[in-house]
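One structure is given here, and the rest of the page talks about it.
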Amino acid sequence: MKVLIATDKPFAKVAVDGIRKEIEAAGYELALLEKYTEKARLLDAVKDVNAIIIRSDSIDAEVFEAAKELKIVVRAGAGYDNVDLNAATAHHVCVMNTPGQNANAVAELALGLMVYAVRNFYNGTSGTELMGKKLGIHAYGNVGRNVARIAKGFGMEIYAYDAFCPEEVIEKDGVKAVASVEELYKTCDVVSLHIPATPETKNSINYALLKETPEGVLLVNTARKEVINEDELIRLMNERSDFRYISDIMPAAHANFEELFAGRYFSTPKKMGAQTAEANINAGIAAAKQIVGYLKEGIDKFRVN
Ligand code: 3PG
């Protein structure tokens, strides 16, 4: 069996070494395709492989068509909006993710971005503190829970909204569960996004929702750029000079944001949330183990299609 790591944004070397160990211990061969940029290189690399480990790499119908021997794709991470699940199913390929494995890394970055923003991007002027501020966690999954845990240490008052997570699960963590997404945005000084990109969530963070936020609000996005309605966010930020936006996923209109909202907008140049050695090791090795478990024993616990 041949396993390919196809990561345009590479894992830390220590994670690749760990993956190699798992794959070779199973008697399989490992191939590595990093920083490939051009899709043609991916299409060529997948031709003879049985399994692929990816990150945010786009695996569309053309890739499934080219990968004639493919049995499984594991997204080493949480969000699998980059994989065409219908095409996977049509080609009888199993798709999995590795939920929770990089959640702490993303949560730490969310808090890091909050500190950076409320301290005025370290420009030497007086900022504010997070202690005592109301933090709204939008979606209480693996990342949201880690954000809550860390934010408690900062002394924040924590609220969460999750359409699928029962109220008692949220409240047992000492977090206030709010009844609606509107209430979360109306209530909180800082809102941290942790929703996946799905047909329902795309563009859902819109003008109507954001216009109700309190003065001086900070919106933090370590989720996906697609969940933001960028045109409406620009409209709102034009109208409200108190509104701040900080993101780990560069908006399509990044240049506009930079020009129009200097001092209250920042984006990392490349998504950094899961870019830690620990997260790479956790997610990468989990992916390798899931591939071996699936190919040898048919275990499909984290299957998403
Ligand atoms: C995820 O969905 O797991 C995160 O967004 C991390 O994505 P990445 O592996 O591309 O950094």
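A few points about this structure:
- Test set (1) surrounded by 21 or more Cβ atoms within 10 Å (Cβ to Cβ); (2) of a type outside the set (A, V, I, L, M); (3) over 20 Å from Ile249 (Cβ atoms) - Ser192 fails condition number: (3)
- Within the range 30-62, being under 16 Å from Ala76 (Cα atoms) and of a type in the set (Ser, Thr, Tyr) holds for Ser56, Ser58.
- Comparison of Lys9, Lys13, Lys35, Lys21 shows that the only residue that is more than 25 Å from the chain's Cα centre (by Cα), basic (Lys, Arg) and surrounded by fewer than 20 Cβ atoms within 10 Å (Cβ to Cβ) is Lys21.
- Where a residue in the range 274-296 is farther than 15 Å from Gly79 by Cα and its partner, wherever it lies, is more than 16 Å from the ligand (Cβ to nearest atom) and among the small types (Gly, Ala, Ser), with Cβ under 7 Å and at least six apart: Ile291/Ala51; Val292/Ala26; Leu295/Ala51; Lys296/Ala26
- When we screen Ala31, Ala40 for residues that are farther than 27 Å from Ala223 by Cβ and in a strand (DSSP E or B), the only hit is Ala31.
- Only one of the numbered conditions (1) surrounded by fewer than 18 Cβ atoms within 10 Å (Cβ to Cβ); (2) polar (S, T, N, Q); (3) under 25 Å from Tyr122 (Cβ atoms) is violated by Asn238, and that is (3).
- Those helices (runs of 4 or more DSSP H) lying entirely in the range 165-239 with at least 3 residues closer than 22 Å to Ala151 by Cα: 167-171, 181-187
- Of all residues in the range 40-58 being under 23 Å from the mean Cα position of the chain (by Cα) and surrounded by 15 or more Cβ atoms within 10 Å (Cβ to Cβ), the one that is farthest from the ligand (Cβ to nearest atom): Ala51
- Filtered by the rule that a residue be within 11 Å of the ligand (Cβ to nearest atom) and either in contact with an Asp or Glu (Cβ under 7 Å, 6 or more places away or on another chain) or under 14 Å from Ala51 (Cα atoms) (or both), the range 269-293 gives Lys271, Met272, Gly273, Gly284, Ala287.
- Meeting the requirement of 3 or more residues that are in contact with a Leu (Cβ under 8 Å, 6 or more places away or on another chain) and of a type outside the set (Gly, Ala, Ser), the helices (runs of 4 or more DSSP H) wholly within the range 53-137 are 61-66, 103-118.
- Answer from Ala67, Ala61, Ala110 - the residue that is in the same structural domain as Arg20 (by TED's automatic domain parsing) and buried (at least 22 other Cβ atoms within 10 Å of the Cβ): Ala67
- Selection from the range 251-302 of residues that are within 18 Å of the chain's Cα centre (by Cα) and loosely packed, with under 15 Cβ neighbours inside 10 Å: Ala252, Pro269, Lys270, Ala277
The values are calculated or read from the model by the stated rules, or taken from the named source; none is laboratory data. Keep in mind that this is a model prediction, so the values were computed, not measured. FYI the Cβ positions are ideal-geometry reconstructions off the backbone, even for glycines, and counts take in every protein chain you see.
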